[in-house]
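The values are calculated or read from the model by the stated rules, or taken from the named source; none is laboratory data. It should be emphasised that the depicted structure is a prediction, and the values quoted were computed from it without experimental measurement. Here the Cβ is made from the backbone with ideal geometry for all residues, glycine too, and neighbour counts use every protein chain on show. For accessibility, only protein heavy atoms count, side chains too; no ligands or nucleic acids. Shrake-Rupley method; radii C 1.70, N 1.55, O 1.52, S 1.80 Å.
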Amino acid sequence: QVQLVESGGGLVQPGESLRLSCAPSGSISSVGLMGWYRRSPGKQRELVATITSDGSTIYAESVKGRFTISRDNAKNTVYLQMNSLKPEDAAVYYCNANLRVRVGDVLRSYWGQGTQVTVSS
């Protein structure tokens, strides 16, 4: 069973940086759209950023200029570089990716288990 495995969350002070990573746990055929979402207590999950296989990106307005999404297609890995973190960025961050596990399979959406980002002084 393929899973998305995230890493890189933690506790930082306002203004500091964190880098999140996410990759499938097993071998896969191909990866389509990848992205990061987040959910804060009492709020619905929201899109943070997405990136296509050819590198086109979309960002939430609240993170533009501070966060950068990137991917390494050779490693099937997506990253989220978060700079100038604010207390309102604190949330559980979830990785999402459309994966084709075997040749001929359809692309399916997978979610990571979530990684906690806490921004507090």
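The table below gives the values:
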{"read-out": "The chain: antiparallel DSSP beta bridges as a percent of all, rounded to 5", "value": "90 percent"}
{"read-out": "Mean shadow area of segment 1-114 over all directions, Cα convex hull, nm²", "value": "7.1 nm²"}
{"read-out": "Packing rank of 104-110, 82-88, where each peptide gets the mean count of other beta carbons within 10 Å, highest leading", "value": "82-88, 104-110"}
{"read-out": "5 angstrom amide H check on residue 9, placed H, neighbours 5+ away", "value": "none"}
{"read-out": "Cα-based reach from residue 86 at 26 Å (exclusive), listing lysines while leaving out same-chain residues under 8 positions away", "value": "43, 64"}
{"read-out": "Per residue, in Å², the accessible surface of segment 1-48 once ligands and nucleic acids are set aside, probe 1.4 Å", "value": "56 Å²"}
{"read-out": "Long-range HN-HN contacts of residue 85 with modeled amide H, under 5 Å", "value": "15, 16"}
{"read-out": "Range of Cα positions in segment 1-65 per principal axis (Å), largest first", "value": "39, 24, 24"}
{"read-out": "Calculated from backbone phi, Karplus (6.51, -1.76, 1.60) coupling profile of segment 74-82 in Hz, x at Gly/Pro", "value": "5, 9, 6, 10, 10, 10, 9, 8, 10"}
